[in-house]
Amino acid sequence: MSFEILPWSEISDQFGDNLLLGNGASIAVDERFRYRSLKEHAIENGLFSEDVQSLFDFFRTNDFELVLRIVWQSTNVNAALGIEDEKTEQAYRHVRDCLIDAVRDIHPEYGEVEDHLPAIASFMRCFKTIVSLNYDLIVYWAMMHGNKLRNGHRFKDCFPGRSFDDDWSRFREPYGDDRDSSLVFYPHGNLILARDKLENERKIASSGNGLLESILDKWAAGSYVL
């Protein structure tokens with residue numbers, strides 16, 4: 001069965017409430033996001049050690065986030081119980097370093113995508129709720145750009161004080177000089193979101209130019225995990 005794909009300009013008046021963004025949105029900004037997975041990129045570029053590959057094989061997954069969290073929690077448990085386990089710590093460092101290298105290779109810097117942000121922010125502000133399924137920082141950078149304009153609209157991610165507020169519906173209400181707002185959610189996670197050793201989720205904040213490197217530095221320091 002075939003379907004006609006209509007220009008957005010012809011149907012925009014019918015869909016003004018919710019926006020769902022998949023990987024195609026990121027690919028439209030930068031072709032490097034075409035990789036099907038960070039694992040695929042890591043393998044093709046020789047980033048995996050034998051131990052790292054064995055972990056992915058054992059857990060039968062392509063999910064970097066899952067493997068990294070499992071090994072990270074193992075090192076924390078061993079540390080809490082006073083168990084010396086250098087191999088697990090080495091495995092965690094290898095998985096973490098592979099992830100950092102893969103993200104650094106694939107993800108563009110702020111300056112490389114900055115010219116796209118005004119158009120993205122302008123489009124997103126038309127929707128009351130935005131759901132991004134992507135890990136990259138494009139949507140977040142567009143939010144930051146839009147909020148700097150101080151044009152009566154504000155993007156909100158429901159992370160006041162860098163912790164998610166379960167009572168997120170209250171952010172629908174405008175405050176200050178704002179007339180309306182858009183709420184942005186990341187149901188699959190995002191690079192700006194990380195967990196501490198107690199599994200508390202936090203938002204990593206920094207300026208647009210230094211955000212990506214700040215995230216990678218915090219991973220490398222072992223303070224947070226994706």
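Numbers at a glance
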{"read-out": "Qualifying residue in region 49-58 (condition: at pLDDT below 85 and closer than 20 Å to residue 190 by Cα)", "value": "no"}
{"read-out": "Any hit, region 122-139, residues being within 23 Å of residue 200 (Cβ to Cβ), free of Cβ contacts under 8 Å to residues at least 24 places away in the same chain and of a type outside the set (Gly, Ala, Ser)", "value": "no"}
{"read-out": "Wholly enclosed helices (runs of 4 or more DSSP H) of region 1-78 bearing at least 1 residues over 24 Å from residue 136 (Cβ atoms) and either open to solvent by 70 Å² or more (accessible area, probe 1.4 Å) or touching a Cys at 6+ places or on another chain (Cβ under 6 Å) (or both)", "value": "8-11, 50-58"}
{"read-out": "Matching residues, region 148-169, being basic (Lys, Arg) and touching a Ser or Thr at 6+ places or on another chain (Cβ under 8 Å)", "value": "154, 156"}
{"read-out": "Residue 26 being out of contact with any Asp or Glu (no Cβ under 7 Å at 6 or more places or on another chain) and among the small types (Gly, Ala, Ser)", "value": "no"}
{"read-out": "Which listed residue is under 30 Å from residue 70 (Cα atoms) and modelled with pLDDT of 90 or more, from 95, 139, 103", "value": "139"}
{"read-out": "Of all residues in region 168-201 being within 13 Å of the chain's Cα centre (by Cα) and modelled with pLDDT under 80, the one that is surrounded by the most Cβ atoms within 10 Å (Cβ to Cβ)", "value": "194"}
{"read-out": "Identity of the residue in region 111-126, open to solvent by 10 Å² or more (accessible area, probe 1.4 Å), within 23 Å of residue 187 (Cα to Cα) and not charged (D, E, K, R), that ends up nearest to the chain's Cα centre (by Cα)", "value": "120"}
{"read-out": "Any pair with Cβ under 7 angstrom, 6 or more apart, that starts in region 56-70 at a residue that is over 18 Å from residue 90 (Cβ atoms) and ends at one that is open to solvent by less than 70 Å² (accessible area, probe 1.4 Å) and of a type in the set (S, T, N, Q)", "value": "62/37"}
{"read-out": "Residues of region 127-144 that turn out to be within 19 Å of residue 173 (Cβ to Cβ), open to solvent by 10 Å² or more (accessible area, probe 1.4 Å) and in a loop (DSSP other than H, G, I, E, B), as a count", "value": "1"}
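The values are calculated or read from the model by the stated rules, or taken from the named source; none is laboratory data. Predicted model, so just to flag it, every value in this text is computed and none were measured. In this analysis, Cβ positions are derived from the backbone assuming ideal geometry, glycine residues included, and neighbour counts consider all displayed protein chains. Calculation scope for accessible area: heavy atoms of the full protein, side chains included, ligands and nucleic acids excluded. Shrake-Rupley method; radii C 1.70, N 1.55, O 1.52, S 1.80 Å.
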